[in-house]
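Heads up: the structure comes next, in structure tokens.
The values are calculated or read from the model by the stated rules, or taken from the named source; none is laboratory data. It should be emphasised that the depicted structure is a prediction, and the values quoted were computed from it without experimental measurement. Cβ placement follows ideal geometry from the backbone for every residue including glycine, while neighbour counts extend to all protein chains displayed.
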Amino acid sequence: MNLADLVRDAGRADPERTAVLFRARPMTFAQLDQRVDLTASALAGLGVARGDRVALLAGNVPEFVTTLYGILRAGAAACPLNVMLTPEEIGYSLADAGAKVVVTELASLSALLAVRDRLADLQSILVIGGPPAPRGTLSLEEVLADQRTGAAGSAPTNPDDLAVIAYTAGTTASPKGAMLTHGNLAANLDQMSAVPRLALSHHDVALLALPLFHIYALNAVLGMSIKHRAAVLLMERFDPTEALRLIEHHGVTVLLGAPPMFAAWLALPEPVPSMTSVRLAISGASALPADVLSEFRRRFGITIWEGYGLTECAPAVTSNAVGEEAKPNSIGLPIPGVEVRLVGEHGEDIDEDDPGELHVRGPNVFAGYWNKPEATGEVLDGEWFRTGDVAIRDEDGYLTIVDRMKDLIIVSGFNVYPKEVEEAIARHPKVADVAVVGVRDERTGEAVEAWVAPRAGEQLGEQEILDFLHGYLARFKWPREVRIVEEVPRNTTGKLLRRAFRNDDVLGRSEEQTA
């Protein structure tokens, strides 16, 4: 099997149906399949063979889609990289993966060239756009134009062959490349498709504003759309007003987003264009605030079905869409074909309503971290993947994430979960955003530190926050210090960048795995 066969199947079943919408450049499934063929042939001509790694450094443009599946059709493994990385971060990932070829947008080329000399395995750089290509690089368009237009067969691959190396955003250490096989990615598409609410059809148009280098967008949005022959509408960068215009103009039926996207739509002044074409809204990547869930339903008449996943699980694990209701603050129930268990400190199964580490088992669970056997051994216990997330299960089986185990703060022997403190502070009407980290303390061992961003036009002080916490939190959970900041740093999907808070006192123990 080869995951790129999804494109071939769609191209044969629905050749004239629109596959990708981007500005004034619609692409049919037949055109997509042909472009994938050309890309696979071009890579083979550059010496890319089965098992080689090809990096992608591009935003949400059609070339990302065609190159991704061209890499897979050639039998190579794709390494999609965050376009916002620094040159050092790009260099680390490329060197770690041993990428033979990089396909990049011109905007990212300078960062790539800054580290090229240290990349011993890198042989070719293909630049999207042009020609002409800058010196020392090749124009992707010119290389593709040199290929024959005949259909190329997918390279023979097995389900266990590597398809994608997805680098997780490490918060205290170097990023780790999660190895996802053709079987992992295909299994997760089947698992999501088995949930009636999550299954797409060839009548759907899905908004793809999440970054394609993120596994959520790459498999749960793009992969699902191609599997079900739905169209994807690419947005290079999310703008809530422009997104609403596109939703109305193209009749978007499916929104797959992250909490900041839904919150941004709610922040627009009324009246706003309707979303009458939308039949399904899904949120992932970080926790969906309960007020966003309820207000979105009130304002747009749309229920947001929150789910949970991790890069290492390709990514989907649970969803509220599996059950009968969208429970606030819950990640829902396991999707079909995925097993979960809550595990205590000594490996015992945890009872209902008690917290335990969430472990996951299924054919979607990754093959380990690239070149990091010790890190792999820390998270894989036989067939079970230790997520590092602490969860509780209610009487209906719905799961709620309490926090990351590695973010646990131990104050005088008492456990403090940052999320609990963050949620309490977030209740303050002047607070726009908050992040909590653990810091060293000579008296208590560890202490809580809060970083708080006020709402626009509001003034906040440390004492006001501490006074507000009376009745919400036990005294030992209060922050030792409250820092008032203009903005709490988050990544493109809304997850806290805890590394940005790091100083000599902050306890750097977290690895950001959730996709």
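Considering only residues of region 331-361 that are in a loop (DSSP other than H, G, I, E, B) and at positive phi, which is modelled with the lowest pLDDT?
Ranking the candidates gives Asp353 first.
Exactly one condition in (1) crowded, with 24+ Cβ neighbours inside 10 Å; (2) among the aliphatic types (A, V, I, L, M); (3) not in a strand (DSSP E or B) is false for Leu189; which is it?
Unmet condition: (1).
Can Arg427 be described as of a type in the set (Lys, Arg), under 26 Å from Gly307 (Cβ atoms) and at pLDDT 85 or above?
yes
Checking Arg229 against (1) under 18 Å from the mean Cα position of the chain (by Cα); (2) outside any helix (DSSP H, G or I), which test does it fail?
(1)
May I ask you to say which residue of Glu378, Glu420 is over 20 Å from the mean Cα position of the chain (by Cα), closer than 20 Å to Leu496 by Cα and outside the structural domain of Lys176 (by TED's automatic domain parsing)?
Step by step, each of Glu378, Glu420 is checked, and only Glu420 is over 20 Å from the mean Cα position of the chain (by Cα), closer than 20 Å to Leu496 by Cα and outside the structural domain of Lys176 (by TED's automatic domain parsing).
Which condition number does Ala97 fail, the rest of (1) out of contact with any Cys (no Cβ under 6 Å at 6 or more places or on another chain); (2) at pLDDT 95 or above being met?
Ala97 satisfies all of (1) out of contact with any Cys (no Cβ under 6 Å at 6 or more places or on another chain); (2) at pLDDT 95 or above except (1).
Which of the residues belonging to region 319-330 are in a loop (DSSP other than H, G, I, E, B) and either hydroxyl-bearing (Ser, Thr, Tyr) or in contact (Cβ under 8 Å) with a residue 60 or more places away in the chain (or both)?
Of everything in region 319-330, those that are in a loop (DSSP other than H, G, I, E, B) and either hydroxyl-bearing (Ser, Thr, Tyr) or in contact (Cβ under 8 Å) with a residue 60 or more places away in the chain (or both) turn out to be Gly323, Lys327, Asn329, Ser330.
Test Arg73 against the criterion of being buried (at least 19 other Cβ atoms within 10 Å of the Cβ) and basic (Lys, Arg), and give yes or no.
When the stated conditions are applied, Arg73 passes them.
Which of (1) modelled with pLDDT of 95 or more; (2) farther than 12 Å from Leu207 by Cα; (3) not basic (Lys, Arg) is the odd one out, the single condition Ile282 does not satisfy?
Among (1) modelled with pLDDT of 95 or more; (2) farther than 12 Å from Leu207 by Cα; (3) not basic (Lys, Arg), the lone unmet condition for Ile282 is (2).
Name the residues in region 83-107 that are under 17 Å from His214 (Cβ atoms) and β-branched (Val, Ile, Thr), would you?
Val83, Ile90
Take the conditions closer than 23 Å to Val164 by Cα and either surrounded by fewer than 16 Cβ atoms within 10 Å (Cβ to Cβ) or in the same structural domain as Asp52 (by TED's automatic domain parsing) (or both) and apply them to Ala145. Does it pass?
no
In region 36-68, which residue that is within 22 Å of Ala107 (Cα to Cα) and of a type in the set (Ser, Thr, Tyr) is surrounded by the fewest Cβ atoms within 10 Å (Cβ to Cβ)?
Applying the filter and picking the extreme gives Thr66.
Among the residues of region 381-396 satisfying the criterion of being more than 13 Å from Ile350 (Cβ to Cβ) and not in a strand (DSSP E or B), which is farthest from the chain's Cα centre (by Cα)?
Glu395
What are the residue pairs meeting all of these: first residue in region 474-488, first residue under 13 Å from Val416 (Cα atoms), second residue of a type in the set (Phe, Trp, Tyr), Cβ atoms under 7 Å, and 6 or more apart or on different chains?
Phe476/Phe414
I'm trying to understand the selection: among the residues of region 295-318, which are in a helix (DSSP H, G or I) and over 18 Å from Arg361 (Cβ atoms)?
Glu295, Phe296, Arg297, Arg298, Arg299, Phe300
Counting only residues that are out of contact with any Gly (no Cβ under 8 Å at 6 or more places or on another chain), give me the strands (runs of 3 or more DSSP E) lying completely in region 46-163 with at least 3 of them.
Hits in region 46-163: 53-57, 101-105, 124-128.
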